[in-house]
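Visitor: Following this message is one structure expressed as structure tokens.
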Amino acid sequence: SYEKITGLYGKDIIGKTVLDISNNSEKHWIEKFGKVALTGESYQYETYSHELDKHFSVSVYSPRLKQFAIILDDITNRKKTEWLLNIEKQQFETTLLSVADGVISTDNFGNILIINKVAEQLTGWSKTEALGKPLEKVFNIIDEFTRKKCDNPIDLVSQTEYNTELINNTILLSKTGIEIPIEDSSAPIKDSDGKITGMVIVFRDVTEKRHKQKQIEYLSFNDYLTGLYNRRYIENEIKRLDSEKNLPLTVMVLDVNGLKLTNDAFGHKMGDKLLKVAANIMRKVCRESDIIGRIGGDEFIILLPKTDEKQAEKIKKRIGEECSIIKLDSVIVSLAIGYAVKYNIEQDIENIEKEADNIMYKNKIKHGKIMRSETIETVLRNINLKYDQEQIHTEMVSQYCEAIARAMNLSEKKIYDIKTAGILHDIGKITVSYNLLNKEGQLTEEEFNQIKKHTEAGYQILKSVDEYVSLAEAVLYHHERYDGAGYPEGLKGEEIPLEARIISVADSYEAMTSKRPYQSSKSKEEAIAELKKCSGAQFDKEVVRIFIENVL
């Protein structure tokens, strides 16, 4: 066997020293063997021979003084197996330690053998502190709602011998007292005979996942803009509340007056702000037991259990009072409100809803027109506050327009309309910033483009108010030029409405003769000369002639 293991044969080596046999013999071999021969103490060790590329288990003893004998065992295969197992173990540990989830591995008694960095962070236990500790001490988990300690994953795995997952709503209590919602799975580690030798737990922080789930749940029942309940939720709640114990049950329907006007004139951001303000008013006025929802673009509903007509009227009145004290720039906060009460269980709740809706609609017709007119007045007041000399300007333009219309022998209705259009011609400037309206010096192209939009904004405001619809185009086109080089549409000649052509002359003359931050004022003679110069190009020749000859 020695010959086979070493490749050295008896006939070649008997009677020779170790150094005679091989000059490459490891020095430590000779030192160790010599020590045994001289002292008589036996010695056992494992070693690797570079010359033979083999691993050996060596037992050395001394049969008599100054002699040694060895028993040599070739363990190369065993060492290779151990090396492969060690590599496998290292790969296993490296994998566990590097994954993005928390990982804890235990022995079959539940004591921790491995804990990765993520698990250290989540549990609050360092590797040094955790190794050897019972799993349940480090991995401290409770039920989020009952606050009771959860079953030890080791017990669950031992009982089933299969992979298991924690119940939902599991909370990990870290060493520092932080509560972390987690998801996890645990699996047994088995040897070749199928015997459980330990367990691996993989767990992750699901705080963000929970947050997203709650967002999804929230949006499925709530309106994203106002935070109130949505139509789907309200429909379910109506069915739930439609019972004897909630009678009398009031259904209140509300509609935001002038939302379209607000969106068209001031933009959808202001419209959204109006809806949020309305929602906050309802929250402020209603009780905790009341259910408020947004069921359409500008439509809301409030379900009021155990509320009779007298109580509902008080709530309606309080909502109106809150609306009256809210200031939202040039927008008037106004709600059309209707309600109906179900007193008997035999009454159909759908009929109650329809009745409330019909009453609201009548209220909207009655007060919506008034609200829109008040909006125009509010806008004009705010423009006068924003824009220096604006009130004087519009009054003068209006007077000039009226005088031109009379000189042209137009009907009293036309004269009144043109006079009113003169007052309203710059109403769209409410959408232009204060700094831009009062800027001194030359406007940039971008700034001028912003100001040009005021004609379209004015058009949108006026066409939303019944009594001013007929004036909307006059306001829209009053900056068109007779030669077609104006804005917003580049209309030419008599394509431009007469009212707009009249406003254009009156507006330009008043602007030239008044004090403006961006230009010095002209004398009457200078302004007339400018009108004549631009007659037929910027202005209608006939309107200029009549204005100069009959008004100035």
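The values are calculated or read from the model by the stated rules, or taken from the named source; none is laboratory data. What you are looking at is a predicted structure, and each value in this text was computed from that prediction instead of being measured. Using ideal geometry, Cβ is built from the backbone for each residue, glycine included, and neighbour counts are taken over all protein chains shown. The accessibility values were calculated without ligands, DNA or RNA, using every heavy atom of the protein model including side chains. Shrake-Rupley method; radii C 1.70, N 1.55, O 1.52, S 1.80 Å.
Visitor: Which shape class applies to the range 422-504: rounded if a/c is under 1.5, otherwise prolate when a/b exceeds b/c and oblate if not, where a ≥ b ≥ c are the square roots of the Cα gyration tensor eigenvalues? Write out the running numbers ahead of the final one.
Guide: Values: a/c = 2.28, a/b = 1.25, b/c = 1.83.
Taking the square roots of the gyration eigenvalues as a ≥ b ≥ c, the range 422-504 is oblate.
Visitor: Given Lys260/Lys327; Lys314/Lys364; Lys260/Lys439; Lys276/Lys439; Lys439/Lys522, which pairs have Cα atoms separated by over 23 Å?
Guide: The answer is Lys260/Lys439; Lys276/Lys439.
Visitor: Using the structure shown, select from Lys317/Lys366; Lys212/Lys284; Lys269/Lys429; Lys386/Lys413; Lys316/Lys342 the pairs with a Cα to Cα distance greater than 26 angstrom. Walk me through the numbers on the way to the answer.
Guide: Details: Lys317/Lys366 16 Å; Lys212/Lys284 29 Å; Lys269/Lys429 17 Å; Lys386/Lys413 31 Å; Lys316/Lys342 17 Å.
Lys212/Lys284; Lys386/Lys413, as the Cα separations exceed 26 Å there.
Visitor: Could you calculate the FRET efficiency of Gln213 with Gln347 from 1/(1 + (r/R0)^6), where r is the beta carbon distance between them and R0 is 41 Å, rounded to 0.05?
Guide: 0.55
Visitor: OK, next. Tell me the net charge near Ile349. Cut-off is 12 Å between Cβ atoms, Ile349 excluded, with +1 for each Lys or Arg and -1 for each Asp or Glu.
Guide: After counting each charged neighbour, the total is -4.
Visitor: Also: Residue by residue through the range 139-144, which ³J(HN,Hα) values in whole Hz follow from phi under the Karplus form 6.51 cos²θ - 1.76 cosθ + 1.60 (θ = phi - 60°), with glycine and proline marked x?
Guide: Once θ is set to phi - 60°, the couplings for the range 139-144 become 9, 8, 10, 9, 7, 4 Hz.
Visitor: List the residues, sorted by chain then number, that are 5 or more residues from Asp223 or on another chain and whose placed amide H is less than 5 Å from its amide H.
Guide: Residues meeting the criterion, in which the H sits 1.01 Å from N, are Leu228, Tyr229, Asn230, Arg294.
Visitor: Within a Cβ distance under 9 Å of Glu499, other residues only, what is the Lys/Arg minus Asp/Glu net charge? Working shown, then result.
Guide: Working: positive: Lys414, Arg501; negative: Asp417, Glu473.
Surrounding charge for Glu499 is 0.
Visitor: While we're on this one: Stretched out fully, how many nm does the piece from Lys190 to Lys4 gain, at 0.36 nm a residue minus the Cα gap?
Guide: That works out to 63.1 nm of additional length.
Visitor: What residues qualify as long-range amide H neighbours of Asn116, i.e. H under 5 Å apart, gap of 5 or more or another chain, H built at 1.01 Å from N?
Guide: The answer is Val103.
Visitor: Also, I was wondering about something else. Could you tally the net charge around Val465, taking each other residue with its Cβ under 12 Å from the Cβ of Val465, Lys/Arg +1 and Asp/Glu -1?
Guide: -1
Visitor: Which far-off residues, 5 or more places away or on another chain, put their amide H under 5 Å from the one on Lys175, with H placed in the peptide plane?
Guide: Gly124, Trp125
Visitor: Please give the contour-minus-distance gain from Ser521 to Ile326: 0.36 nm per residue of separation, less the Cα-Cα distance, rounded to one decimal in nm.
Guide: On the way: separation 195, 0.36 × 195 = 70.20 nm, distance 4.02 nm.
Full extension of this stretch gives 66.2 nm more.
Visitor: Then there's this: If I ignore ligands, DNA and RNA and count only protein heavy atoms, how much of Glu446 is accessible to a 1.4 Å probe, in Å² to the nearest 10?
Guide: 130
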